[in-house]
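Asks: Below: one structure in structure tokens.
Bear in mind these aren't lab numbers, they're just calculated from the coordinates by the rules spelled out. Source: prediction; values computed, not measured. As a convention, Cβ positions derive from the backbone with ideal geometry for all residues, glycine included, and neighbour counts pool all protein chains shown.
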């Protein structure tokens, strides 16, 4: 991880996608004075599970995945975040250690904002506090839906859903079979076998790590998701 010269929030291209987009004037200046601009290489951790929540990370570019590991050492991707997203706020507001590890799945630029700054801004700005509350509610809703699908649907459906979600939300990144398996809650071997079946059916094409969706509607049907 490397630190770079600070960039102003007012000039950030990801600001319009961020929960901090409503901040102006002195509030933006407060963030500018407190934050650290950092770069992480693919595979580097922004933070580890069990670390104290010392602040939040605003993603300027790249993709970050949150990974959970069970007692048997099995890894599952809990969530994926792209440009404009913020990572680490749940643990910060609950005053708990991070439950998951945040890993750069490709080169990532972030701004780290210390805990004290965020708590001060939220305390003074009810609109910002409400935005964080809404985002936390949406995060829990998505997590509940994913847990239900992992426990109640066959692996091919989950793999089809993973392809649709990862490709359509993070289309510039080529996801590894291992990452697809960790998102879908299955094994890499099952993903490889299922992708081969999808290719035979004309739903996708594969070239190295690259996966192209050829029949989106049919893949939605395999995922058992209404269009």
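Asks: Name all residues of segment 107-151 having a backbone nitrogen under 11 Å from the label point set 7 Å from the Cα of residue 70 along its Cα→Cβ direction, giving them as ranges.
Replies: Output list for this probe position: 151.
Asks: Now for a separate question. Please check: in the Gaussian network model of the chain (C-alpha springs, under 10 Å), which one of 26, 182, 109 has the largest mean-square fluctuation.
Replies: Of 26, 182, 109, the most mobile in the Gaussian network model is 26.
Asks: Sum -39500 (n - 2.57) across every DSSP H segment of at least 4 residues in the chain, then divide by the residue count to get the 222 nm mean residue ellipticity, nearest 500.
Replies: -13500 deg cm²/dmol
Asks: Between (i) 44, 43, 36; (ii) 54, 36, 35; (iii) 58, 33, 31, which entry matches Cα extents along the principal axes in Å as derived from the coordinates of this structure?
Replies: This structure yields the entry labelled (iii).
Asks: If one takes the longest principal axis of the Cα atoms in the chain, at what angle in degrees, from 0 to 90 and to the nearest 10, does the Cα axis of helix 155-169 lie?
Replies: That works out to roughly 50 degrees.
Asks: Right, something else. When N counts the residues of segment 153-223, how does its alpha-carbon radius of gyration compare numerically with 2.2 N^0.38 Å, as a ratio?
Replies: Output field value: 0.95.
Asks: Further question: Out of 52, 97, 126, any idea which swings most in a Gaussian network model of the chain, alpha carbons joined below 10 Å?
Replies: Maximum fluctuation in the GNM of the chain, among the listed residues, is at 126.
Asks: Another question, if that's okay. How far is helix 25-34 tilted off the main Cα axis of the chain, in degrees rounded to 10, range 0 to 90?
Replies: So the inclination is approximately 80 degrees.
Asks: Out of 147, 60, 99, any idea which swings most in a Gaussian network model of the chain, alpha carbons joined below 10 Å?
Replies: Ranking 147, 60, 99 by mean-square fluctuation puts 147 first.
Asks: Give me the one-decimal nm value for the distance between modelled label points at residue 168 and residue 224, 7 Å along each residue's Cα-to-Cβ direction.
Replies: With each label placed 7 Å out from Cα toward Cβ, I get 1.8 nm.
Asks: Could you grab the relative contact order for segment 2-142? Cα pairs under 8 Å, six or more apart, rounded to a whole percent.
Replies: Values: 267 pairs, mean separation 44.3, N = 141.
The value is 31 percent.
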